[in-house]
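Chemist: Quick one: structure below, then a few questions.
The values are calculated or read from the model by the stated rules, or taken from the named source; none is laboratory data. Note that this is a predicted model, so its numbers are computed, not measured. As a convention, Cβ positions derive from the backbone with ideal geometry for all residues, glycine included, and neighbour counts pool all protein chains shown. Heads up: the accessible areas ignore ligands, DNA and RNA and are worked out on the full protein's heavy atoms, side chains in. Shrake-Rupley method; radii C 1.70, N 1.55, O 1.52, S 1.80 Å.
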Amino acid sequence: MSTREYQTHSAEETIALGRTLAAELAPLRLVLLQGDLGTGKTTLVKGIAEGLKAADQHDVTSPTFTLIHEYTGPETKVYHIDLYRVEKRRELDTLGIDELLTDEHNLLLVEWGEKFAQIVSAADGQIAITRVNDQERKVKVTHK
């Protein structure tokens, strides 16, 4: 297990950190994104998707209501998944996450995945974002 901590002081720095982390995360299959509402999980995904050339940061939005957003890069397909509104295992199963994990070119970035044991057990990485103040964030990245 490898763990690193970062501190960002603005949304722009959080996006830049995502760009930096992209190459490190690309070989992973499923990364849990943890943090309270409004801590910057989607902001970090903007940088990750941009770093993998899957999307421009301005095209990345929160999948709170659609549950899954897909961004296709030349080498990696990024799936930004939000399970905040998913309550039951049956609802989770309809999303097809197991199928997405079978393709080694897919990177699943999952918000609120800690609600489901099977998502936690499938994760090979975790990014925990904590609010320090209005602008500052502490970002802890752990992966195998």
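Chemist: Mind listing whichever residues of region 35-60 are among the β-branched types (Val, Ile, Thr) and at pLDDT 95 or above?
Modeler: THR42, THR43, VAL45, ILE48, VAL60
Chemist: Return yes or no: is VAL78 open to solvent by less than 40 Å² (accessible area, probe 1.4 Å), β-branched (Val, Ile, Thr) and free of Cβ contacts under 8 Å to residues at least 24 places away in the same chain?
Modeler: no
Chemist: I need the full set of residues from region 46-58 which are exposed (fewer than 14 other Cβ atoms within 10 Å of the Cβ) and not in a loop (DSSP other than H, G, I, E, B), in order please.
Modeler: Hit for region 46-58 is HIS58, nothing else.
Chemist: Okay, moving on. Name every residue in region 71-113 that is closer than 12 Å to VAL31 by Cβ and acidic (Asp, Glu), in order of residue number.
Modeler: Selection gives GLU111 alone.
Chemist: Further question: Looking only at residues in region 108-117 that are more than 26 Å from GLY73 (Cα to Cα) and either of a type in the set (Gly, Ala, Ser) or in contact with a strand residue (DSSP E or B) (Cβ under 8 Å, 6 or more places away or on another chain) (or both), which one is surrounded by the fewest Cβ atoms within 10 Å (Cβ to Cβ)?
Modeler: In this case the residue turns out to be ALA117.
Yes or no, residue by residue, for (1) touching a residue at least 24 places away in the same chain (Cβ under 8 Å); (2) of a type in the set (Lys, Arg):
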position: ARG4; (1), (2): yes, yes
position: GLN7; (1), (2): yes, no
position: LEU17; (1), (2): yes, no
position: THR20; (1), (2): yes, no
position: PRO27; (1), (2): no, no
position: GLY38; (1), (2): yes, no
position: LEU52; (1), (2): yes, no
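Chemist: Turning to a different aspect of this structure: Which ones in region 2-34 are at pLDDT 95 or above, under 14 Å from the mean Cα position of the chain (by Cα) and open to solvent by less than 20 Å² (accessible area, probe 1.4 Å)?
Modeler: Those that are at pLDDT 95 or above, under 14 Å from the mean Cα position of the chain (by Cα) and open to solvent by less than 20 Å² (accessible area, probe 1.4 Å): THR14, ILE15, LEU17, GLY18, LEU21, ALA22, LEU30, VAL31, LEU32, LEU33.
Chemist: Looking at THR43, THR61, can you tell me which residue is polar (S, T, N, Q) and assigned to a helix (DSSP H, G or I)?
Modeler: Exactly one residue qualifies, and that residue is THR43.
Every residue, every condition in (1) among the β-branched types (Val, Ile, Thr); (2) under 17 Å from THR8 (Cβ atoms); (3) touching a Phe, Trp or Tyr at 6+ places or on another chain (Cβ under 8 Å); (4) open to solvent by 30 Å² or more (accessible area, probe 1.4 Å), yes or no:
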position	(1), (2), (3), (4)
GLU104	no, no, no, yes
ILE119	yes, no, no, no
ILE127	yes, yes, no, no
GLU136	no, yes, no, yes
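Chemist: A follow-up question, please. What number of residues within region 81-102 satisfy the criterion of being of a type in the set (D, E, K, R), in contact (Cβ under 8 Å) with a residue 24 or more places away in the chain and either in contact with a strand residue (DSSP E or B) (Cβ under 7 Å, 6 or more places away or on another chain) or open to solvent by less than 90 Å² (accessible area, probe 1.4 Å) (or both)?
Modeler: Selection size over region 81-102: 1.
Chemist: Now, a different point. Would you confirm, using the coordinates I've provided, whether ASP82 is within 12 Å of the chain's Cα centre (by Cα) and among the acidic types (Asp, Glu)?
Modeler: Answer is yes for this residue.
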